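Visitor: Starting off with a structure, shown below.
The values are calculated or read from the model by the stated rules, or taken from the named source; none is laboratory data. Note that this is a predicted model, so its numbers are computed, not measured. Counting neighbours? That spans all protein chains shown, and the Cβs are built from the backbone with ideal geometry, glycine included. Keep in mind that these areas ignore ligands, DNA and RNA; they rest on the heavy atoms of the full protein, side chains included. Shrake-Rupley method; radii C 1.70, N 1.55, O 1.52, S 1.80 Å.
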Amino acid sequence: MNPINFRTLDLNLLRVFDEVMAERSLTRAAQNLSLTQPAVSNALRRLRESLGDELLQRSGQGVTATPRALALWPSVREALRQLQSSLAPSAFDPAQAKTTFVLTMADATAAVLMPGLIAVMDRDAPGVSVRVVPLTTRDPRRLLEGEQADLAAGYFPAVMADLSARAEQDEAVAFAHQRLYNGQYVCAMRRDHPLASGALTLDRFCGARHLLVSFSGRPYGFVDEALTALGRSRRVVITVNQFFTAGQVVASSNLLTVLPRHFVGVTGIADQLVLRDLPFEVPSMHIDTLWHGRMQHESAHQWLRKTIFEVASGVFAT
């Protein structure tokens, strides 16, 4: 790799690089930058010569990035974002904004938060839109890093533990978070289930057939981890990726499932279900919002986080 003389590097080249990386197209990047395509190509050539790497190579109708470009881009994009925020800070006016936010969360979390969020948007931010995309992992950091979502909300125990450990060791942490509310998991079954009467013992729980809510489709979750620690196991006969689906299935079958207690009230079928405390210890459920640190000081994102926190506080105030 050639040594880089930062004092003579034209920083405008990094702006072109960022746009091409985002679009993966010289034509679209040129349009966004109000430049000609030859000007964009020339800028990339100069940057390649400065860095000693091809950076981007033509592929079909677009371009593909080299490993060096992929490693460099997050730092370049973050530096440009911070520079723009410092030189031209923009206050977010929800009444005038036409922003679209992308959120990722499970249906149980969305059912709790979305009604209140929509009410605030109707009242204060009629031009703002929200897209909720499925949460398919308990670790959404890659989605946030890749800007596939602006904010994640859910139960992320491993992520929270990792971020806390890094902070305690004074390591740089690229993500920020905020606690929204706490809850607990319970066992749910149909009202006339054979186990609906009498105590739900560990033996009766393990001897039943189960439905597992698994965002990834993996047929093993935190309940199974808790049972393994006790030297026990259960029979999972079906996995689904939505809590609403789980509620509907157990309401008309002999399966048991584990649901967030607060979620059952918004399913519309609470009167068809019986809830029982789990006959063993599982960690308390903590619902957090998680976002990338580059969004920390963006006024639109600050409004979003504040609004979601206030909505959650209102739901769980009673």
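Visitor: For region 260-286, what are the residues that are in contact with a helix residue (DSSP H, G or I) (Cβ under 8 Å, 6 or more places away or on another chain) and modelled with pLDDT under 95?
Guide: Selection gives Pro260, His262, Phe263, Val264, Val266, Thr267, Ile269, Ala270, Glu281, Val282, Pro283, His286.
Visitor: Give region 154-164 a look and list any residue that's without any contact (Cβ under 8 Å) to a residue 12 or more places away in the chain and surrounded by 15 or more Cβ atoms within 10 Å (Cβ to Cβ), or say none.
Guide: Hit for region 154-164 is Asp162, nothing else.
Residue-by-condition table, conditions (1) in contact (Cβ under 8 Å) with a residue 40 or more places away in the chain; (2) of a type in the set (Gly, Ala, Ser):
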{"residue": "Gly221", "(1), (2)": "no, yes"}
{"residue": "Ala226", "(1), (2)": "yes, yes"}
{"residue": "Arg234", "(1), (2)": "no, no"}
{"residue": "Val250", "(1), (2)": "yes, no"}
{"residue": "Thr257", "(1), (2)": "yes, no"}
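Conditions tested, residue by residue: (1) of a type in the set (A, V, I, L, M, F, W, C); (2) within 20 Å of the chain's Cα centre (by Cα); (3) open to solvent by 20 Å² or more (accessible area, probe 1.4 Å).
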residue	(1), (2), (3)
Val249	yes, no, yes
Thr257	no, no, no
His262	no, no, yes
Asp271	no, no, yes
His286	no, yes, yes
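Visitor: While we're looking at this one, here's another question. Hey, can you tell me all the residues within region 299-318 that are buried (at least 18 other Cβ atoms within 10 Å of the Cβ) and either assigned to a loop (DSSP other than H, G, I, E, B) or among the hydroxyl-bearing types (Ser, Thr, Tyr) (or both)?
Guide: Across region 299-318, the qualifying residue is only Thr307.
Visitor: Within region 94-106, is even one residue touching a helix residue (DSSP H, G or I) at 6+ places or on another chain (Cβ under 7 Å), within 15 Å of Asp150 (Cβ to Cβ), aromatic (Phe, Trp, Tyr) and at pLDDT below 95?
Guide: no
Visitor: When you check Tyr181 against the structure, is it touching a Leu at 6+ places or on another chain (Cβ under 9 Å), under 30 Å from His292 (Cβ atoms) and among the aromatic types (Phe, Trp, Tyr), yes or no? Break it down stepwise before answering.
Guide: Values: touching a Leu at 6+ places or on another chain (Cβ under 9 Å): no; under 30 Å from His292 (Cβ atoms): yes; among the aromatic types (Phe, Trp, Tyr): yes.
Here the answer is no, as Tyr181 does not meet what is asked.
Visitor: Hey, another quick one. Give the residues of region 244-258 that are part of a strand (DSSP E or B) and in contact with a helix residue (DSSP H, G or I) (Cβ under 6 Å, 6 or more places away or on another chain), sorted by residue number.
Guide: Thr257, Val258
Visitor: Here is a further query. Exactly one condition in (1) open to solvent by less than 80 Å² (accessible area, probe 1.4 Å); (2) more than 30 Å from Val120 (Cβ to Cβ); (3) under 31 Å from the mean Cα position of the chain (by Cα) is false for Glu78; which is it?
Guide: It is condition (2) that Glu78 fails.
Visitor: Those residues that are loosely packed, with under 14 Cβ neighbours inside 10 Å and either within 13 Å of Met160 (Cβ to Cβ) or among the small types (Gly, Ala, Ser) (or both), I need them from region 288-298; list them, please. Break it down into steps so the answer makes sense when it comes.
Guide: Applying the first criterion (loosely packed, with under 14 Cβ neighbours inside 10 Å) to region 288-298 yields 293, 296-297.
Residue satisfying the conditions is Gly293 alone.
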